[in-house]
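What follows is a single structure, written as C-alpha cells, with notes after it.
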Amino acid sequence: MTLAGFVAKNAFRNKLRSILTVLSITFSLLLLTFMMTIWRGFYLDKGSAESAQRLITRHRVSLTFSLPSSYRQKIRSVPGVVSVAPMNWFGGQYKDDKGENFFAQFGTDPTEILKVYKDFKIPDDQLAAWQHDRAGAIANRTLATKYGWKIGDRIVLKGTIYPVNLELTLRGIFDPPEPANTLYFNSIYVEEAVGWAKDKAGTFAILADSPESVSRVATTVDDMFHNSPQQTKTESEKAFQLGFVAMLGNVKAFILSIGMAVVFTILLVSANTMAMSIRERTREVAVLKTLGFTRGSILSLFIGEAVTLALVGGILGTLMAAGLAAVVSKGGGMMAALRMTPGTMVTALGVAALVGFISAVVPAYHASKIGIVDGLRHIG
Amino acid sequence: MAIPISYNIRNLRLRKGLTIMTALGIALTVTTAVFLFALLAGLNRAFVTSGEPLNVLVLRKGSTAELTGGFDASLLPTLKNLPGIAKASTGEPMVSGELVVVIVLPRKDGTGEVNVTVRGLMPAGLELRPKVKLSTGRWFTPGQREVVVSESIHKRFSDSNLGDSIHFGKGDWKVVGVFDAGGSAYESEIWGDVNQMASDFDRQGGFSSAYLRATDPVSADALKHRVSDDQRLKLDGQLETEYYAKQTSSGALIRIVGLIVAVIMAIGSIFAAANTMYAAIAYRGREIATLRVIGFSRASILISFMLEALLLSFLGAIVGILLMLPFNGLTTGTSNQVTFSEVIFSLRMTPAVILGALAFALVMGLVGGLAPAWRAARQNILTALRG
C-alpha cells in the first residue's frame, strides 16, 4: 500500500466524522471564497480592455449637480479623447416603486454613446432605428428578458427627478460585456419636456485613445474647467464605480473581518477533528513505530490526512461558491460583475490546505513523540 | 426519570479541549451573526426614530425624495395659510421651506470621500424639530455663512470642529455648533440658513421641500391630504414619519449579504457541533448502556444529550456575545439609496439582537445535537456494554 493510499484510507475510516468535518469546512470555504470573489470584483478587477480606456466626468461637488451640455464640445477638443457622450440619470419608476423593478436609465446621445461603449454589441439596423426615433430606447438583453420586452414594445417610465413620464419604444437590444441592467434613451426627450433640464448633462462618458492617456485626459479636463462656476471631477470608469462601493460603507473591513472569522472557524473545526482522531489512534501509532515507521513519516501521515480532508471540503466549497456567485450576479446591480476566477479558487484551496496543515501539526507532533511502550499500553 | 443536568455539565468539563474548541467555533458564528443583527438594528433605528409624527413633508408631485423635489418658492405663502398649522413662538405659522443638496466631504481617516446631505432651513425649521438638540455652540444665524453639524459628522469628518470652516458651494462656512439628532437620519446632515445656501447653489426662488407642523395628529392627517388634493399646488404631502419609514429599504443589501453570511456560517457550525456530539457519544457508549441498564428510558437519554448539545451552543453564544460587546455603539455609514447621501448609524446590541443571537445558537445546537442524541438513545445495550 502506498503512503497516499494509507492516508486516504485513514482519512475516511470514521466515515460519519470525516463527512461532517468535510461538510463543515465546505460551508466555511464557500463563504470565504464568496467573500474573496466580492473583494476581487470590487478592488482587483480591472474590467475589460475598453473599460480601462473610459473615463467619467461629473460635477466636482457631487453627482447630484449637473454640468452644462456645452462642456461636451470642449472635452472633445482635449488631445487623446476619441468620443464623448452625455449620460443623464433619469431615475424613473417602471411599473411601481418596488426595489426589484428598479434599473438604471440614462438619457444620452444615440449617435455617440455606442462609440464610447464600443464593447456593447448591437445589430446595425436596431441602432439605426433607435437613432431615428426620438422616443426610442435600447436595453441590454438581461433586462429585456426579465420583463419580456420585444423590439417595438412600449415602455413607460414615471419620472421622479424630472416631472415627466417617458413613453418610450424599444428599438434595440444590446449585449454588454458585463450584465448590468441599463436602458438608454435620447436625452432630447427630457430636455424638450422639462424646461430646466435643457442643455444640462449629469455626467459625460469619455473614450480615450489608449489606457495610458486616461490619467492625462482626466487632469486636462479638470484643469480646463477649474475656473468656471461648474468645476468637474474626471476619473477612470473603475474609480468612478469604486466611489459607489465606498459609499456602501467600510466594505473592506467588513469582508476582512468575516473572512478572518471564517478561517478561524475552519481552523477550530479541523483541529478538533484531528485531535479526536489522533487521540483515538495512540495505540496504532505505537504499532506503526514498532513496524519501523519513523517519527517523520508518522507526522506526515497525520498531516496528509488533515490536508486531504480540508482539500476535499475546499473543493466542494469553492464549487458551491462559484454557483452562488453565478446566482447572485443574476440579480444585477453592483453584483452583476461577480465572477469566480481560477485564481480565487486556487487561493481558497491554498487556504484550506494551510488550515488543514496547521490544525494537524500539534496533535500529530504529540502523537509522534509518544514512547512505544506507553502507546501500546494506552487505552482509549 | 430524567438524567440530572449536572451529568452533562461534568461531561463537558471532562472533555475540556473538545468543548472549548466547539464552543469557540459556535461563538465565532454567533459573533458574526450578532454583528450583522446589530448593524441592521442600528440602521432601522436611524430611520424609524426619524421624523416627527406632527410634521408634514411637502414635495413636488411624483418626486420621491427631498433631493429630487424642487418647487417654486411662490407656493410657500399658500402653504403657510393652510388651516391646522401650529404657531411658532414668534406667532408665525410653523412652516419651513428647505433646500437639500448633497456635497462630497473627505473622511477623517482618509478612506475616501462620502456624500453628505446639506440642509438649508428657515428659523421655524429648528422649532419644528424639537427632538434635535444643540450639544455645543449655538444655532446658525439667518443671513450668515454659518452651519451647525451633527455629532456624527463632527466625529467622522475633518474641518468640522467648532470654529472650523467647511468649504462647499461658493466658499467657506463657519461651524458654530454641533447638534445631537438622537440617532435619527438627521445624524448625517449639515444645517445652515436656507437663503444663504440657495444663493451658493444657484437655487434661488425654489425649495426642495417644505415642512409644516400641525397642531395635532388629526390635523396633520388632514393637512397632508389638503396639500396633495390641491390641484393648483401640484405638490404632495406626507407625514415625515412615513417618509423615513420608506427609506429603510436602504439596508436591503446589508440585509441580504448578512443573511447569506449568517446562514452559511450556521450550517458549517451545525456540522461541527454534530461532530463533537457524535464523538462525545462514541466515547460514552458503555456509559450510556449502563444508564439504560440502571433504568433510564430512551427518552431521558435523548433529552439528556440534546440538553448537552444545547448547553454547548449556549456556552458558545455567551462567548460570542461577549466578544461582540466592545463593538456596541460603533458608528458606521452606508449610502442611503433614497437621499443619495451617507446615512450614519451605530451598531446597536438591543435586547432583541441578543435574544435573536441566543435563539440562533440554540437552533444550531438543536439541529447539530438531534442526530447524535437519537443514535445514543437507540443503541443496542448489549453490544454497547461489550464494546
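Of all DSSP beta bridges confined to the range B:55-215, the antiparallel ones make up roughly 75%.
Phi angles of the range A:188-201 translate, via the Karplus equation with coefficients 6.51, -1.76, 1.60 and θ = phi - 60°, into HN-Hα couplings of 4, 3, 5, 4, 7, 7, 10, x, 6, 8, 5, 6, 10, 9 Hz per residue; Gly and Pro are given as x. With Cα atoms as the point set, the protein assembly as shown shows a radius of gyration and Dmax of 32.0, 101 Å. Put simply, the amide H of B:V114, placed in the peptide plane, has neighbours under 5 Å in B:L105, B:R107, leaving out anything fewer than 5 places away on its chain. Under a Gaussian network description of chain B, with springs only between Cα atoms under 10 Å, the residue in B:W374, B:W139, B:W191 that fluctuates furthest is B:W374. Applying a length cut-off of 30 Å (Cα extent along the axis) and a mean Kyte-Doolittle floor of -0.5 to the DSSP H helices of chain B leaves B:16-48, B:252-283, B:298-324, B:351-378. When the helix-only estimate is applied to the protein assembly as shown (DSSP H runs of n ≥ 4, each -39,500 (n - 2.57), divided by the residue count), what is the mean residue ellipticity at 222 nm, nearest 500 deg cm²/dmol? Calculated at 222 nm, the ellipticity per residue is -16500 deg cm²/dmol.
Checking the Cα-Cα distances for A:K115/A:K330; A:K146/A:K330; A:K98/A:K158; A:K95/B:K61; A:K98/B:K246 against a 19 Å cut-off, the pairs over it are A:K115/A:K330. Coupling constants for the range A:69-83 follow from the phi torsions by the Karplus curve (6.51 cos²θ - 1.76 cosθ + 1.60, θ = phi - 60°), and in residue order they are 4, 5, 4, 4, 5, 5, 5, 4, 6, 5, x, x, 8, 8, 9 Hz; glycine and proline get x.
Here the simple spin-label model places points 7 Å from the Cα toward Cβ, and for A:I19 and B:T136 these points are separated by 6.3 nm. Pairs of C-alpha atoms in chain A farther apart than 28 Å represent 59 percent of all such pairs.
Amide H to amide H, with H built 1.01 Å from N, B:E98 comes under 5 Å of B:S208, B:S209, B:A210, B:Y211, counting only residues 5 or more places away or on other chains. Annotation: extensible slack from B:D229 through B:D72 equals 54.7 nm (criterion: 0.36 nm per residue apart, minus Cα-Cα distance). Please state the relative contact order of chain A as a whole percent: Cα pairs under 8 Å, 6+ residues apart? So the answer I get is 27 percent. Counted by neighbouring Cβ atoms within 10 Å, the residues B:R226, A:R377, B:R60 run from fewest to most as A:R377, B:R226, B:R60.
Roughly what % antiparallel, to the nearest 5, for the DSSP beta bridges in the protein assembly as shown? Taking every DSSP beta bridge with both residues in the protein assembly as shown, the antiparallel ones total about 80 percent.
In plain terms, the chain from B:N328 to B:K87 could stretch by 82.7 nm, reckoned as 0.36 nm per residue minus the Cα-Cα distance.
Residues whose amide H lies under 5 Å from that of A:L183, counting only those 5 or more places away or on a different chain, are A:A104, A:Q105, A:F106; hydrogens are built 1.01 Å from N in the peptide plane.
Phi-derived couplings, Karplus 6.51 cos²θ - 1.76 cosθ + 1.60 at θ = phi - 60°, listed residue by residue for the range A:25-40: 5, 4, 5, 5, 6, 4, 5, 4, 5, 4, 5, 5, 5, 4, 4, 4 Hz, with x used for Gly and Pro.
Toward the positive end of the charge dipole of chain A, with +1 on the Cβ of Lys and Arg and -1 on the Cβ of Asp and Glu, the farthest Cα among A:A201, A:G5, A:L23 is that of A:G5. The residues A:S213, B:S313, B:S304, when put in order of fewest to most other Cβ atoms within 10 Å, stand as A:S213, B:S304, B:S313. In plain terms, the residue of A:S359, B:S184 with the fewest other Cβ atoms within 10 Å comes first and the most crowded comes last, giving B:S184, A:S359. Looking at chain A only, what percent of DSSP beta bridges run antiparallel? Nearest 5 please. Among the beta bridges of chain A, antiparallel pairing accounts for roughly 75 percent.
With the convex hull constructed from alpha-carbon coordinates only, the range A:61-230 shows a mean projected area of 10.2 nm² over all directions.
Readers should treat all values here as calculations from the given coordinates under stated rules, not as data from a laboratory. Just so you know, these numbers come straight off a predicted model, no measurement behind them. Positions of Cβ are backbone-derived with ideal geometry, glycine not excepted, and every protein chain shown enters the neighbour counts.
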